[in-house]
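Engineer: Would you mind keeping the following structure in view while I ask a few things?
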Amino acid sequence: MPIVIEQLTRTFGPFTAVDDLSFGVDSGEIVGLIGPNGAGKTTTLRALAGILRPTRGRIRVDEIDLLERPIDAKRRLAFMPDEPRLFEYLTVEEHLRLIARLYEIDDFAARSQALVDELELKGKERALPGELSRGMRQKVVIACGLIRRASVLLFDEPLTGLDPIGIRRMRETIVARARAGAAVLLSSHLLHLVEEVCTRVIIMDHGHKIADGTVAELASRADLAAAGSNLEQIFLRVTGH
Amino acid sequence: MIAASLYITLCSARNRVRVRLRRLREPRYLFGAIVGAAYLYFAVFARMAGRRGRVRLGPPPDMSLRLQTVGPLVAALVVFVLAVLTWVVPATGAMLSLSDAEAAFLLPAPLSRRQLVAHRLIRAQIGALFAGLIMAFAVPAAGLGRLRVMLSTWLFFVTARTYVAGVALARTRIALEPKRLARWVPVGILGAAVLVVGAFIIREWMLPASSVADVIDRASHIADAGPVQVILAPFLTLVRPVFTPWSLSLALWWIASALTAAATIGWTLSNASAMDVILEAPPANRAAREAPAQPARAARVWTPWQLAARGRTEGLFAWKGALLIVRSASLGTLRYLIPLASMAVIAGSTALRGGGYHGAAAFVATLATMIAAGTILFGPQVARFDLREDFKNIEVLKTWPVSPAAVVRGEMLAPIALVTAICWAAIATAWLFAAAATPNLGVAWRASIAIAAAIAAPALIGGQFAVHNVFALLFPAWVSVGNERPRGIDAMGQRLILLAAVILSLIVIALPGALAAGILWLAFQRLIGAPTLVPAALVFTVVVAIEVAIISELLGPAYERLDVMSIERGE
């Protein structure tokens with residue numbers, strides 16, 4: 001299984017952001033991580049990306065322990081954060097070239113061109129981040145994540161700042177990558193997107209996993225929702241609203 | 001709008017004080033506060049108390065008289081030069097920068113741009129008052145004297161900051177309407193003033209100065225000249241109250257100073273329509289606002305070399321660092337270089353006279369030596385193009401599959417190369433002209449000293465960068481990211497502790513190499529003479545380089561363990 005999280009706990013001083021969280025994501029799966037603000041979604045993704053060290057617990061990427069062999073594990077994953085963080089003095093093309101060098105991508109030119117076309121970044125290759133809109137910068141971050149063929153894709157609010165066409169293309173891109181065999185973990189507040197794209201949903205609240213399954217499975221559980229509920233109704237019910 | 005601005009300003013100031021008091025619960029801020037307060041006490045109050053016990057407070061009577069006559073003239077001349085530089089060097093002025101919240105709340109609000117500038121002016125008052133307060137404590141004066149200095153410097157800072165903002169607005173309006181002659185009037189007046197004052201400066205500075213007193217005398221001669229006096233009149237109204245004791249004339253000078261401030265504010269507000277252009281970058285987006293002032297497109301995307309598809313991680317970081325250095329360098333850099341160069345010229349010229357040497361070649365050699373020494377000592381402190389700067393991107397770097405030690409080494413390469421290149425250029429210049437400044441030294445000595453200095457420089461520079469990065473990784477909470485820094489006495493104390501630790505660590509790093517080099521020197525200098533310096537410097541450099549390599553390897557785990565949440569964020 002490409003993503004395995006076991007008893008992940010992360011604290012910030014006295015505050016526990018994620019508490020004893022365990023789950024896995026298989027190849028070809030798109031798992032939606034949803035929950036109210038402060039539920040621990042971003043902390044989970046950042047721990048999985050190797051940005052935050054877990055206070056307790058284990059994370060494995062493609063069977064590689066992230067804490068024991070971080071370099072090998074990171075080589076296999078791509079994290080696309082909600083806030084597009086770019087190097088202010090590198091152009092779009094230079095960002096892609098940098099990632100290609102970091103991940104030792106051979107067919108950089110072809111892949112770069114394909115992504116520039118796919119994400120509609122044509123004509124912006126020589127632009128600095130300061131000259132791009134927020135949506136464009138988000139696209140550059142996503143291009144940097146997708147230029148390598150990572151087996152694990154982590155998206156934190158991937159649609160923030162994108163226009164309707166961009167949103168549609170991004171949905172198609174995520175599904176295509178999963179079909180190609182990637183394990184995708186996606187955090188979003190856009191429940192209709194999660195319902196439409198994800199094969200499974202994990203609902204978090206106050207650092208805990210409170211539900212895990214397909215939308216149909218969750219809807220069929222009497223303790224979670226009334227029969228035939230959609231994801232939004234399930235979400236509101238399990239989070240106590 | 002004024003009521004709203006005052007509300008924002010006062011509430012923010014009150015809450016800032018609360019936050020600073022609350023953060024004293026953290027040991028690092030508490031220690032910092034203790035050290036900062038102790039520093040202030042010993043540097044200002046204790047020294048004053050000691051002085052008070054021995055002699056009367058303030059300078060001696062003859063000196064005081066001289067200060068009152070010459071001081072304002074020299075200060076007015078300096079302010080005039082800075083005022084001219086503000087037009088030459090592009091700067092938006094902190095006053096026009098909106099915070100994220102201001103951009104989000106005030107830009108969509110039904111406010112005119114004039115009101116927006118007025119709001120920024122009101123918000124700048126707390127900072128100007130605080131600057132005045134610092135000045136009041138820094139000058140040797142009694143209780144009421146301090147109040148006088150505080151009020152005078154507050155008026156000065158208000159005017160100066162407003163002027164910088166006004167220049168930014170006026171420049172923008174000129175750029176928008178270059179054909180409207182009215183827009184060029186301030187430039188024309190200033191240009192004529194520069195010609196007049198420049199002629200007097202050239203006349204006075206035909207020969208190098210012999211001492212600091214000589215520099216002050218000449219500056220006062222320039223400022224005292226009839227036409228220059230007229231030009232400097234508005235600047236004199238701003239600086240004169242600082243030097244004038246309590247009297248009726250002080251009240252009159254304050255009125256004049258307030259009128260100058262009012263005129264500056266009026267002029268700035270008259271150009272407020274250009275605010276829209278200055279805020280053109282998406283205002284609610286911090287990243288975009290923090291982007292560099294946009295130079296010409298060709299220069300902006302100039303790349304020193306292309307990144308190879310394969311190679312060591314260190315090379316990748318060196319490439320990234322080089323691009324950062326090349327592309328972040330702008331005319332704004334002149335703001336720092338011009339005062340530094342001026343100080344170097346004055347210091348070089350003074351040192352030259354003190355040594356009894358003459359001629360342009362000797363002057364250049366002395367100046368270049370000072371620049372080389374200054375670069376080694378302060379370069380690594382100033383050129384923060386390493387992990388200290390890249391901490392703001394740490395969330396991206398941490399996701400990369402690279403060896404932590406390689407990241408640490410790679411981050412240091414570009415700034416080491418930059419500072420070393422500047423230092424080598426200065427050493428080479430000093431060596432070329434050294435014969436004039438050091439006629440008693442033989443060719444072999446001069447060459448040996450220059451080569452040894454060139455060999456040892458990268459080690460000294462690299463050692464300092466290593467120490468800075470050690471502290472950045474081991475104590476990330478103590479290192480500020482980018483240009484934004486935490487403020488307050490506690491933060492100042494933290495920086496003092498860090499500075500002391502850096503100096504101590506640097507001595508520890510340099511010691512083994514220096515000892516080895518010293519032994520070599522003692523063993524062979526009688527046999528070989530001056531050229532012994534070269535292998536001694538080589539030994540020193542090799543030892544320090546090994547230490548730096550070991551340090552970077554040892555820092556790997558620290559980088560891996562680094563908690564991104566613990567990095568200090570500026571205010």
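The values are calculated or read from the model by the stated rules, or taken from the named source; none is laboratory data. The structure displayed is predicted, hence computed values, not measured ones. For neighbour counting, all protein chains shown are included, and Cβ atoms are generated from backbone atoms with ideal geometry for every residue, glycine included. Ligands, DNA and RNA are excluded from the accessible area calculation, which covers all protein heavy atoms including side chains. Shrake-Rupley method; radii C 1.70, N 1.55, O 1.52, S 1.80 Å.
So that you can scan it fast, the table gives a plain yes or no per residue for (1) in contact with a Gly (Cβ under 7 Å, 6 or more places away or on another chain); (2) more than 19 Å from B:Ile278 (Cα to Cα); (3) part of a helix (DSSP H, G or I); (4) of a type in the set (S, T, N, Q):
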site	(1), (2), (3), (4)
B:Gly145	no, yes, yes, no
B:Met150	yes, yes, yes, no
B:Thr162	no, no, yes, yes
B:Ala165	yes, no, yes, no
B:Leu169	no, no, yes, no
B:Arg173	no, no, yes, no
B:Pro178	no, no, no, no
B:Ala182	no, yes, yes, no
B:Val187	no, yes, yes, no
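Engineer: Only one of these conditions is not met by B:Phe433: (1) within 16 Å of B:Glu547 (Cβ to Cβ); (2) open to solvent by 20 Å² or more (accessible area, probe 1.4 Å). Which number is it?
Structural biologist: (1)
Engineer: Does B:Ala199 satisfy being modelled with pLDDT under 75 and more than 28 Å from B:Met95 (Cα to Cα)?
Structural biologist: no
Engineer: Within the stretch B:232-251, restricting attention to residues that are touching a residue at least 24 places away in the same chain (Cβ under 8 Å) and more than 32 Å from the chain's Cα centre (by Cα), which residue is nearest to B:Val84 (Cα to Cα)?
Structural biologist: First pass over the stretch B:232-251, keeping only residues touching a residue at least 24 places away in the same chain (Cβ under 8 Å): B:232, B:234-236, B:238-246, B:250.
This time we only want the ones that are more than 32 Å from the chain's Cα centre (by Cα), so: B:246, B:250.
Values: B:Trp246: 31, B:Leu250: 27 Å.
It comes out as B:Leu250.
Engineer: For A:Ile203, are the conditions met, namely being within 30 Å of A:Asp62 (Cβ to Cβ) and in contact with a helix residue (DSSP H, G or I) (Cβ under 6 Å, 6 or more places away or on another chain)?
Structural biologist: Considered against the rule, which asks whether it is within 30 Å of A:Asp62 (Cβ to Cβ) and in contact with a helix residue (DSSP H, G or I) (Cβ under 6 Å, 6 or more places away or on another chain), A:Ile203 comes out as yes.
Engineer: Filter the stretch B:390-402 down to the residues that are within 30 Å of the chain's Cα centre (by Cα) and of a type outside the set (Val, Ile, Thr), then identify the one that is most open to solvent (accessible area, probe 1.4 Å). Reasoning before the result, please.
Structural biologist: First, pick out the residues of the stretch B:390-402 that are within 30 Å of the chain's Cα centre (by Cα): B:390-397.
Still in the running and of a type outside the set (Val, Ile, Thr): B:390-393, B:395, B:397.
Numbers: B:Asp390: 9, B:Phe391: 1, B:Lys392: 72, B:Asn393: 17, B:Glu395: 28, B:Leu397: 2 Å².
Taking the candidates together, the pick is B:Lys392.
Engineer: Shifting gears a bit: Looking for something of a type outside the set (Ser, Thr, Tyr), part of a helix (DSSP H, G or I), open to solvent by less than 60 Å² (accessible area, probe 1.4 Å) and on the phi < 0 side of the Ramachandran plot - is there at least one such residue anywhere in the stretch B:478-487? Please lay out each step first, then the result.
Structural biologist: Looking only at the stretch B:478-487, we keep the residues that are of a type outside the set (Ser, Thr, Tyr), and these are B:478-479, B:481-487.
Still in the list and also part of a helix (DSSP H, G or I): B:478.
Remaining after also requiring open to solvent by less than 60 Å² (accessible area, probe 1.4 Å): B:478.
Then keep just the ones that are on the phi < 0 side of the Ramachandran plot; that gives B:478.
Checked against the condition, which is being of a type outside the set (Ser, Thr, Tyr), part of a helix (DSSP H, G or I), open to solvent by less than 60 Å² (accessible area, probe 1.4 Å) and on the phi < 0 side of the Ramachandran plot, the stretch B:478-487 yields at least one hit.
Engineer: Take the residues in the stretch A:155-177 that are in contact (Cβ under 8 Å) with a residue 60 or more places away in the chain and open to solvent by 20 Å² or more (accessible area, probe 1.4 Å), then tell me which one is farthest from the chain's Cα centre (by Cα). Step through it out loud before you land on a result.
Structural biologist: Just the residues of the stretch A:155-177 that are in contact (Cβ under 8 Å) with a residue 60 or more places away in the chain, to begin with: A:155-158, A:160-161, A:174-175.
Among the residues that remain, those that are also open to solvent by 20 Å² or more (accessible area, probe 1.4 Å) are: A:157, A:160-161, A:175.
On the way: A:Glu157: 7, A:Thr160: 12, A:Gly161: 16, A:Val175: 13 Å.
Within the stretch A:155-177, the match that is farthest from the chain's Cα centre (by Cα) is A:Gly161.
Engineer: A:Arg75 is checked against (1) more than 19 Å from the chain's Cα centre (by Cα); (2) within 22 Å of A:Ile51 (Cβ to Cβ) and fails just one. What number does that condition carry?
Structural biologist: If we test A:Arg75 against (1) more than 19 Å from the chain's Cα centre (by Cα); (2) within 22 Å of A:Ile51 (Cβ to Cβ), just (1) comes out false.
Engineer: Just to be sure I understand the filter: pairs with C-beta atoms under 6 Å, separated by 6 or more residues or on different chains, first member in the stretch A:56-70 and away from chain B (no Cβ under 14 Å), second member at pLDDT 90 or above. Which pairs pass?
Structural biologist: From residues that are away from chain B (no Cβ under 14 Å), the pairs are A:Arg56/A:Thr9; A:Gly57/A:Glu6; A:Gly57/A:Gln7; A:Gly57/A:Leu8; A:Gly57/A:Thr9; A:Arg58/A:Glu6; A:Arg60/A:Val4.
Engineer: Can we say A:Asp205 is in contact (Cβ under 8 Å) with a residue 60 or more places away in the chain and charged (D, E, K, R)?
Structural biologist: On the way: in contact (Cβ under 8 Å) with a residue 60 or more places away in the chain: yes; charged (D, E, K, R): yes.
Answer is yes for this residue.
Engineer: How about the stretch B:532-560: which of its residues are farther than 16 Å from B:Val402 by Cβ, open to solvent by 10 Å² or more (accessible area, probe 1.4 Å) and not aliphatic (A, V, I, L, M)?
Structural biologist: B:Pro535, B:Phe540, B:Thr541, B:Glu547
Engineer: If A:Val152 satisfies all but one of (1) open to solvent by 10 Å² or more (accessible area, probe 1.4 Å); (2) within 14 Å of chain B (Cβ to nearest Cβ); (3) more than 27 Å from A:Arg237 (Cβ to Cβ), what's the number of the condition it fails?
Structural biologist: (1)
Engineer: Can you work out which of the residues in the stretch A:77-98 that are in contact with a strand residue (DSSP E or B) (Cβ under 9 Å, 6 or more places away or on another chain) and surrounded by fewer than 21 Cβ atoms within 10 Å (Cβ to Cβ) is farthest from the other protein chains (Cβ to nearest Cβ)? If you could, list the steps in order and put the result at the bottom.
Structural biologist: Step one: of the stretch A:77-98, the residues in contact with a strand residue (DSSP E or B) (Cβ under 9 Å, 6 or more places away or on another chain) are A:77-83.
Checking which are surrounded by fewer than 21 Cβ atoms within 10 Å (Cβ to Cβ) leaves us with A:82-83.
Working: A:Asp82: 11, A:Glu83: 9 Å.
Here the answer is A:Asp82.
Engineer: If you don't mind, there's one more thing I want to ask. Mind listing whichever residues of the stretch A:118-142 are away from every other protein chain (no Cβ under 14 Å), under 22 Å from the mean Cα position of the chain (by Cα), farther than 16 Å from A:Met80 by Cα and open to solvent by 10 Å² or more (accessible area, probe 1.4 Å)? Spell out how you get there, then give the answer.
Structural biologist: Taking the stretch A:118-142 as the starting set, the residues that turn out to be away from every other protein chain (no Cβ under 14 Å) are A:118-122, A:139.
The next check asks that each one be under 22 Å from the mean Cα position of the chain (by Cα); those that pass are A:118-121, A:139.
Of the ones still in play, those that are also farther than 16 Å from A:Met80 by Cα are A:118, A:120-121.
Selection gives A:Glu118, A:Glu120.
Engineer: Regarding A:Pro2, is this residue at pLDDT below 95 and open to solvent by 20 Å² or more (accessible area, probe 1.4 Å)?
Structural biologist: Details: at pLDDT below 95: yes; open to solvent by 20 Å² or more (accessible area, probe 1.4 Å): no.
Taking the combined requirement at face value, the residue does not satisfy it.
Engineer: Also, quick follow-up: How many residues does the stretch B:218-227 contain that are surrounded by 17 or more Cβ atoms within 10 Å (Cβ to Cβ) and touching a residue at least 60 places away in the same chain (Cβ under 8 Å)?
Structural biologist: Of the residues in the stretch B:218-227, 4 are surrounded by 17 or more Cβ atoms within 10 Å (Cβ to Cβ) and touching a residue at least 60 places away in the same chain (Cβ under 8 Å).
Engineer: On to the next question. Would you be able to say whether some residue in the stretch A:187-199 is open to solvent by 30 Å² or more (accessible area, probe 1.4 Å) and over 19 Å from the mean Cα position of the chain (by Cα)?
Structural biologist: No, there is no match, as no residue in the stretch A:187-199 is open to solvent by 30 Å² or more (accessible area, probe 1.4 Å) and over 19 Å from the mean Cα position of the chain (by Cα).
Engineer: Mind listing just one residue for me: the one in the stretch B:403-422 that is more than 30 Å from B:Ile451 (Cα to Cα) and open to solvent by 10 Å² or more (accessible area, probe 1.4 Å) and, of those, farthest from the other protein chains (Cβ to nearest Cβ)?
Structural biologist: Across the stretch B:403-422, the extreme among qualifying residues is B:Pro404.
Engineer: Only one residue in B:Arg297, B:Arg310, B:Arg286 is at pLDDT 80 or above and out of contact with any strand residue (DSSP E or B) (no Cβ under 7 Å at 6 or more places or on another chain). Which one?
Structural biologist: Testing whether each residue is at pLDDT 80 or above and out of contact with any strand residue (DSSP E or B) (no Cβ under 7 Å at 6 or more places or on another chain) leaves just B:Arg310.
Engineer: Yes or no: the stretch B:541-556 includes at least one residue that is at pLDDT below 85, part of a helix (DSSP H, G or I) and at negative phi. Give the steps one after another, and end with the answer.
Structural biologist: Step one: filter the stretch B:541-556 for residues at pLDDT below 85, giving B:556.
Narrowing further to those that are part of a helix (DSSP H, G or I): B:556.
Subsequent filtering for residues that are at negative phi retains B:556.
Among the residues of the stretch B:541-556, at least one is at pLDDT below 85, part of a helix (DSSP H, G or I) and at negative phi, which makes the answer yes.
Engineer: Follow-up. Name every residue in the stretch A:101-116 that is part of a helix (DSSP H, G or I) and either within 12 Å of another protein chain (Cβ to nearest Cβ) or open to solvent by less than 60 Å² (accessible area, probe 1.4 Å) (or both), in order of residue number.
Structural biologist: Listed by number, the residues that qualify are A:Arg101, A:Leu102, A:Phe108, A:Ala109, A:Arg111, A:Ser112, A:Ala114, A:Leu115, A:Val116.
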